[in-house]
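A quick write-up on the structure given underneath.
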Amino acid sequence: MEQAVLIDMDITLIASAERHVQGLEGHNAVLNAVLDATKNGLDGVDDLFHDGGMVREDIRAIATGFLRDATDLEGTALEDRVDEMVSGAVKYLHSHQGDFKNI
């Protein structure tokens, strides 16, 4: 189940880039821009989107919602686990790039 959430986070990130980032032609250009922006973590998407962190927070919200439904975590423990899931989503995206070429 958690892997499905990581994939959902990645698809949301790519779909957001397709809708909101100007000057990217074609899905491969979008995917490459997202991969480049996330090479050091999710914070890099702020420079891609120029949105004050809105997309980054949307991705974190997916993890938070899942964890609130699936666990009893709260406070710092919840935030730490959200950070782990976000990192896991970025790692999944980079290690499974081919899975996202035709979405």
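Read the figures in this text as sums done on the coordinates, not as results from a lab. Quantities reported herein were computed from a predicted structural model and do not represent experimental measurements. Here the Cβ is made from the backbone with ideal geometry for all residues, glycine too, and neighbour counts use every protein chain on show.
Points worth noting:
- Most mobile of 46, 69, 83 in a GNM of the chain (Cα contacts under 10 Å): 69
- Length gained when the stretch residue 39-residue 77 is fully extended (0.36 nm per residue, less Cα-Cα span): 11.1 nm
- Exposed loop sites here are GluC sites (Glu not before Pro) assigned a DSSP state other than H, G, I, E or B and surrounded by at most 13 other beta carbons within 10 Å; excluding them, the longest clear run of the chain is 26-73.
- Helix 2-20 vs. the chain, principal-axis angle (Cα, 0 to 90°, nearest 10): 40 degrees
- Dimensionless Rg ratio for the chain, taking C-alpha atoms and the 2.2 N^0.38 Å reference: 1.05
- Gain in span if fully extended, residue 50 to residue 8, counting 0.36 nm per residue against the direct Cα distance: 12.9 nm
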